[in-house]
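Written out below as structure tokens is the structure these notes cover.
Derivation of every value follows stated rules applied to the coordinates shown; laboratory data play no part. Please read all numbers here as calculations on a predicted model, not as lab measurements. Backbone-built Cβ (ideal geometry, glycine too); neighbour counts: all protein chains shown.
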Amino acid sequence: MNTALNAASSDMTDDTTDYTADDTTATAAAQRVHPAERVGPAFSVDGMLLARQKTRRAIRDIAARVMPGMVEEDAVDMAKQVLLDAGLALSWHPTRVRFGTNTIKPMKQASVAGVILQENDLFFIDIAPRVEAWEGDGGASFVVGRHADYERCARDAEQLFHELRAIWQRERLSGRALYARADRIARTMGWELNFDLPGHRVSDFPHATIHTGPLADYDLSPSAMRWILEIHLRDPQRRYGAFFEDMLLDDADYR
């Protein structure tokens with residue numbers, strides 16, 4: 001199988017009317033957080049990184065079990081079992097494995113039933129497990145056998161993600177500007193960017209109680225460890241597509 005670039009409190013004193021400079025700074029910082037980037041009471045930097053690590057590992061484990069001749073629905077059942085066997089909770093969106101022509105479809109659109117993975121074919125995985133209180137979310141594309149166009153599409157989806165993450169770190173673009181840049185780059189690569197997958201929040205579960213709007217509509221520069229950047233490239237003739245998504249993280253945490 002060819003893989004495609006395979007958030008201390010200080011001690012309290014008896015005089016509760018006095019505030020230290022640190023207290024004031026922390027309060028001001030909390031007030032500056034945009035409502036779209038709030039987190040829940042269980043948010044933890046270590047917890048979010050753990051959820052990401054386990055999500056990426058699960059993607060690799062699922063991909064290793066996908067073989068030509070499998071029916072897509074059987075691959076989805078297998079993927080769910082891999083997550084459960086790893087102690088992960090099936091969480092806030094369906095577990096997806098998509099084969100062949102189903103790779104062009106937006107996530108909210110159902111797959112055509114009964115698609116069988118061919119000897120030289122393309123598939124992607126999209127999972128959203130939960131690790132204790134923390135949401136994971138990730139996706140990647142893979143090629144079985146040999147097919148130059150499928151390999152390039154899968155590789156370009158991941159490459160575009162990393163290009164955009166570097167641009168975000170360097171230029172601190174807004175979410176809206178980041179996706180506009182993604183569209184331009186995708187076109188130069190010869191692909192169509194699917195705006196039906198426009199990125200979204202991630203946090204302690206459930207992030208939907210905090211914010212449900214897409215990253216592509218966010219007019220500020222997104223903060224690290226708050227958003228999932230989604231890239232779905234499609235062949236301009238809509239014959240196949242490739243998907244890659246991961247958490248927006250600074251280099252120090254991206255490993």
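Count the net charge of all other residues whose Cβ sits under 13 Å from the Cβ of ARG155, scoring Lys and Arg as +1 and Asp and Glu as -1.
Details: positive: ARG152; negative: ASP149, GLU151, ASP156, GLU158, GLU163.
Charge balance near ARG155 sits at -4.
State whether segment 44-196 is rounded, prolate or oblate according to the following rule on the C-alpha gyration tensor (a ≥ b ≥ c being the square roots of its eigenvalues): a/c under 1.5 gives rounded; otherwise a/b larger than b/c gives prolate, and the remaining case gives oblate. Cα axes put segment 44-196 in the oblate bin.
Listed options for Rg and Dmax of the Cα atoms in Å are [x] 17.7, 54; [y] 29.1, 99; [z] 19.9, 73. The value calculated from this structure is the one marked [z].
Each residue of segment 196-209 was assigned a 3J(HN,Hα) from its phi angle through the Karplus curve 6.51 cos²θ - 1.76 cosθ + 1.60 (θ = phi - 60°); the sequence is 6, 10, x, x, 6, 6, 8, 5, 5, 6, x, 5, 5, 7 Hz, with glycine and proline shown as x.
Here segment 178-226 is assigned +1 on the Cβ of each Lys and Arg and -1 on the Cβ of each Asp and Glu. Its dipole about the Cα centre then comes out at about 160 debye.
Can you compute the helix-only [θ] at 222 nm over the chain? Use -39500 (n - 2.57) per DSSP H run of at least 4 residues, normalise by all residues, nearest 500 deg cm²/dmol. Helix contribution divided over all residues of the chain: -11000 deg cm²/dmol.
Charges at C-beta only: +1 for Lys and Arg, -1 for Asp and Glu. How large is the resulting dipole of the chain about its Cα centre, in Debye rounded to 20?
Values: 30 positive and 39 negative charges, 224 e Å.
Charge dipole of the chain: 1080 debye, to the nearest 20.
Taken over segment 109-255, the convex hull of the Cα atoms encloses 131 Å³ per residue.
For segment 40-253, give me the percentage of DSSP beta bridges that are antiparallel, rounded to the nearest 5 percent. Spell out each step's value before the answer.
Numbers: 29 of 29 bridges.
Of those bridges, close to 100 percent are antiparallel.
What trypsin sites (Lys or Arg not before Pro) does segment 90-133 have in DSSP loop regions with at most 15 other beta carbons within 10 Å? It would help to have the intermediate numbers written out before the result.
Values: sites: ARG96, ARG98, LYS108, ARG130; in loops: LYS108.
Answer by residue number: LYS108.
Within a straight-line Cα-Cα reach of under 23 Å, LYS54 can be paired with the following lysines, leaving aside sequence neighbours fewer than 8 residues apart in one chain: LYS80. Available extension along the chain between HIS93 and ASP250 is 54.0 nm, counting 0.36 nm per residue and deducting the alpha carbon span.
Between ASP74 and GLU119, what length in nm is gained on full extension when 0.36 nm per residue of separation is reduced by their alpha carbon distance? Let's see the in-between values first.
Details: separation 45, 0.36 × 45 = 16.20 nm, distance 1.67 nm.
14.5 nm is the gain from fully extending ASP74 to GLU119.
For segment 175-237 and segment 72-104, write down the distance between their C-alpha centroids in whole Å. Rounded to whole Å, the Cα centres lie 22 Å apart. Projecting the Cα atoms of TYR179, PRO106, MET225 onto the charge dipole of segment 40-253 (Cβ charges, centred on the Cα centre) puts TYR179 farthest toward the positive pole. Distances between placed amide hydrogens fall under 5 Å for HIS200 paired with LEU215, ILE228, GLU230, all partners being 5 or more residues away or on another chain.
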